[in-house]
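Report on the structure given below.
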Amino acid sequence: MSKTYYNPDDLKKFGDISEWNQELGEKFFDYYGKVFEEGALSAREKSLIALAVSHVVKCPYCIDSYTKDGLQRGITKEEMMEAIHAGAAIESGATLVHGVQMMNKYNKLSM
């Protein structure tokens, strides 16, 4: 098995981040827990959003976690892939829309 920078076993240690700053760690985990409670969006919908965002921010730990969470919530592989494509489209669009800035600068400099 080849080694990677990300160790999947480190996901199990996520709670340990509180060790070096108990107050902030507890506040984060309280907030995190509240975010994923049922609300205007279901926990299932939030899991699917989290999976898509995990891909956009390229967090392998989050991808592993929310793939597993999604499976437990009955999210299908088709729904997961569609969510990832939605995230990718937004990420691509955000990159491309900055092309307008380049176009504006080019036009200004080439006058």
Of Leu48, Leu11, Leu24, the one that fluctuates the most in a GNM where the chain has Cα springs shorter than 10 Å: Leu24
Charge context of Leu24, other residues only, Cβ under 14 angstrom, K/R +1, D/E -1: -4
Computed label-point distance, nm, for sites Glu78 and Met111 using a 7 Å Cα→Cβ extension: 5.3 nm
Among Thr4, Leu109, His85 - extreme Cα towards positive end, dipole of the chain, charges at beta-carbon: Leu109
Ranking of His55, His98 by count of other Cβ atoms within 10 Å, fewest first: His98, His55
Positive minus negative residues near Ala52 (Lys, Arg vs Asp, Glu; Cβ under 15 Å): -2
Relative contact order of the chain, pairs being alpha-carbon contacts under 8 Å that are 6 or more residues apart, as %: 21 percent
12 Å beta-carbon shell around Thr67, net charge (K/R +1, D/E -1): 0
Residue of Thr67, Thr95, Thr76 that the Gaussian network model of the chain assigns the largest fluctuation, springs spanning Cα pairs under 10 Å: Thr95
Range in the chain, longest, excluding exposed GluC sites (Glu not before Pro) [loop by DSSP; at most 13 other beta-carbon atoms within 10 Å]: 39-111
Estimated vicinal HN-Hα couplings, Hz - region 97-111 in sequence order (Karplus 6.51, -1.76, 1.60; Gly, Pro = x): 5, 5, x, 4, 4, 4, 4, 4, 5, 4, 4, 5, 6, 8, 6
Charge-dipole axis of the chain as Lys and Arg at +1 and Asp and Glu at -1 on Cβ define it, positive-most pick from Thr67, Asn21, Val56: Val56
Under DSSP loop assignment and at most 10 Cβ neighbours within 10 Å, longest trypsin sites (Lys or Arg not before Pro)-free interval of the chain: 4-57
J(HN,Hα) series, region 70-83, from Karplus relation 6.51 cos²θ - 1.76 cosθ + 1.60, nearest Hz, glycine and proline x: x, 4, 5, 9, x, 6, 7, 5, 5, 5, 4, 5, 5, 5
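No value in this document is a laboratory result; all are computed from the given coordinates. Computed from a prediction, not measured in an experiment: that's the story for all the values here. Backbone-built Cβ (ideal geometry, glycine too); neighbour counts: all protein chains shown.
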